[in-house]
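What follows is one structure encoded as structure tokens, with my remarks underneath.
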Amino acid sequence: MPKYTTDVIRAIALVGHGGAGKTTLAEALLHRAGVIAARGSVEKGNTVCDFDAQEKAAGHTLNSAPTHFDWQGVQVHLVDTPGYPDFAGQAIGALAAVDTALIVVNAQTGIELATERMMKWSAARKLCRMIVINKIDADNVDLPALVNDIRSRFGSQCMLLDLPVHDRREVVEVLEHAVGEFDTGKDFESVAAAHRALIDRVVEEDETLLARYLEDGQDPSAQELHAPFEQALRGGHLIPILFVSARTGAGIAELLHVIQTLAPNPAEGNPPPFYKGEPGSAVEEFRASPDPDLHVLAHVFKVVVDPYLGKIGIFRVHQGTIRKDAQLFVGSGRRPFKVGHLYKLQGKDSIEVDELIPGELGAIAKVEEIEFDAVLHDSHDEDHIHLKPLEFPLPMQGLAVETRRKGDEQRLFDILHKLEMEDPCFIVERHPGSNETVIRGLGEMHLRSKLEKMASQYKLEVTTTPPRIPYRETVTRVAAATYRHKKQSGGAGQFGEVSLRVEPLERGAGFEFVDAVKGGAIPGVFIPAVEKGVRQALDAGVIAGQPVVDLRVVVHDGKHHPVDSKEVAFVAAGRKAAMAAIRDAATIVLEPIVNIEVTAPESAIGDLTGDLAARRGHITGTGGRGPGVAAIAGEVPLAEIADYQSRLKSLTGGQGSYTIEFSRYAPLPPSLQQKLVAQHQTHEED
Ligand SMILES: Nc1nc2c(ncn2[C@@H]2O[C@H](COP(=O)(O)OP(=O)(O)OP(=O)(O)O)[C@@H](O)[C@H]2O)c(=O)[nH]1
Ligand SMILES: [Mg+2]
């Protein structure tokens, strides 16, 4: 096995909209690099990256898939990611594992939803970005118009690093090629002009170089340009645009050359945003250094639960060298685990290796403590290091699930728990009150893929129903109440009196409990009991049976009895006092509002906006998403879209799709609130 050093490592994620050709591009790169003898296709279901049965059936990527290959002395770790917004969790996770994001754009459809999102998300992670325009072989593509579009949308720092030539059958790199006998046709300006623009930009990063260049007009050497080029990438002052056809192979060798010579190695990218600090204490930035001889620091960016191999943690090494048989800790865990086998992944294949150096991506299996976002390390010095959390959309699309067979309940929980571990945008909620188990994801397709996986991989059949809407209650004015709990039954009595007041807090603030009792009116030992009672009242809800949020409860007075005061008495008094105050505090019901993004044929947009308006929604934007396809963005109450999938299907002839994410809680209109309150009262009386 060849020995590598970190400077030859390149870690790259292929990101971008669904159908842009990321998986096909990965296939072309792996083929060109000699990893696979023949190129598979998404249509045939035989690509390296879409190896999962569900992906093959769906014809698109559902999970991120790490691969690796060697090219002219560099080792490239390439992660293919899904483009569909339903599976965004996997794409966002991969951003934590690379230095470079290749944002793949479909030449036929231009800038799409995920193009914009990935440009934004990868910038937020300070990744070096390159835009790869794929499908240049296709008919009716207008590449200059697309480049203009990209530059006007993302800025003039998006610059041509290569150009399609000879009828788009080939591509020529313009940093190294100053001039040349290339026929750029009517598509683009000359190679010379693109070359000049690029050099002008790169030399700006280095004052000495710039001064010399201005004076003698000579191009700096490739070697001299390297460092300023990396600096421009790191700073986001340069976002190269490249052209490829994953189908014909045009531009693939040039892309590999760019990866080899210009994509940053782990030391040249922006350092990963690590923090150090014990829970609850101040945190400070921590600089991991891609040095193979330091302590180990690796970050788990993906977890897979395999029916045979158990839990597989897929990680990137940021510092130190992980060796087979080493002892590693997970986060602040006290007990180390032994690295029995160490792997590099190649789609579905795990290739056993002896060590992984900084910059590399790898995997370990059968370690139960490993979880998504965990930091692996080999010394207690690094117990409290974590990576700046990735920002994931908050899943809101819900389904209540129940097993078909009685007795399968425990299995259901176990399986849901496994699915939850694998996907940061999939969550499972248990509602003890209603005994409901609700799964939440980003869209209907997302949840359907989980149900399919439960059926095929785990052989568990479930029935689904729309879940209850997670309403909340909140107070809108200050109100106070006193409650005395007194019981005299036979022997020892119970006595406790609580005076408290409730105060509204801003939306999202949650719950604050303040003990303002003076002079021991309620002895300190009973304050936790009062808080317990208050929390019981808040959890159970007061006017509509929904949890009460965004309020401060200040306990300011009370009474106790030297003999009869007991914990139970103060729990009861706290609960009842809180309920009384909340009843008096002009309490309202809040409902969840979600951001919705609908993609559908242009012809259906009018109907869809009308339909959303009728659902109390409001549209924040509409826009083109490629030929004949449009997108609508807006906000809508979650309660109004329980049946949206079937409506969308009928309005678009099955051509539409949508995703939702949590936006905020907002007051329920009074008439709807009355209905909910009345329902709750009848329920209480039953
Ligand atoms: N004409 C042409 N078609 C291509 C090219 N690359 C990919 N395709 C086709 O585009 C479709 C989508 O390709 P994929 O590779 O699955 O796209 P993806 O970006 O991985 O899509 P997701 O996994 O859904 O995010 C497939 O039908 C490919 O055959 C190309 O360079 N030219
Ligand atoms: Mg794909």
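Computed from the coordinates by the stated procedures, all read-outs in this text should not be read as laboratory data. Model, not experiment: these values are computed from the prediction. Positions of Cβ are backbone-derived with ideal geometry, glycine not excepted, and every protein chain shown enters the neighbour counts.
Points worth noting:
- Relative contact order of the chain, pairs being alpha-carbon contacts under 8 Å that are 6 or more residues apart, as %: 10
- Short-range pairs are left out: with C-alpha atoms under 8 Å and at least six residues apart, the relative contact order of segment 289-343 is 31 percent.
- Residues whose amide H falls under 5 Å from that of residue 541, counting only those 5 or more places apart or on a different chain, are 548, with hydrogens built in the peptide plane.
- Cα→Cβ-extended label distance, 7 Å offset, between residue 607 and residue 287, nm: 6.0
- Cα-Cα pairs of segment 534-686 separated by more than 20 Å (percent): 62
- Highest mean packing first, where packing is the average number of other Cβ atoms within 10 Å per residue, the peptides 68-80, 362-374 line up as 68-80, 362-374.
- In terms of the mean number of neighbouring beta-carbon atoms within 10 Å, the peptides 565-574, 141-150 order highest first as 565-574, 141-150.
- Cβ crowding within 10 Å averaged over residues, with 43-53, 501-511, 593-603 ranked highest first: 593-603, 43-53, 501-511
- For the chain, the longest principal axis of the Cα atoms and the long axis of helix 222-235 meet at an angle of about 20 degrees.
- With each label modelled as a point 7 angstrom along the Cα→C-beta vector, the residue 662-residue 152 pair spans 3.8 nm.
- For the chain, the calculated P(r) over all alpha carbon pairs, in 20 Å bins from 0 to the bin holding the longest distance, is 16, 42, 31, 10, 1, 0 percent.
- For a straight C-alpha distance cut-off of 25 angstrom, the lysines reachable from residue 276 (same-chain residues fewer than eight places away being disregarded) are 126, 302, 338, 388.
- For segment 308-390, the alpha-carbon radius of gyration amounts to 1.02 times the rule-of-thumb value 2.2 N^0.38 Å expected for a compact globular protein.
- The label point for residue 278 and the one for residue 489, both projected 7 Å from the Cα toward the Cβ, are 4.6 nm apart.
- Rounded to 10°, Cα long-axis angle of helix 191-203 versus longest principal axis of the chain: 50
- Relative counts (whole %) of C-alpha pair distances in segment 198-253, using bins that are 5 Å wide: 4, 19, 24, 15, 14, 11, 7, 4, 1
- Which listed pairs, of 22/44; 487/576; 366/418; 22/450; 418/459, have C-alpha distances above 20 Å, in listed order: 22/450
- Sequence-distant contacts, meaning Cα pairs under 8 Å at least 6 residues apart, place the relative contact order of segment 589-671 at 47 percent.
- Placed amide H near residue 594: partners under 5 Å, 5+ positions off or other chain: 636, 638, 663
- Exposure proxy order (Cβ contacts within 10 Å, fewest to most) of 122, 499, 156, 663: 156, 663, 499, 122
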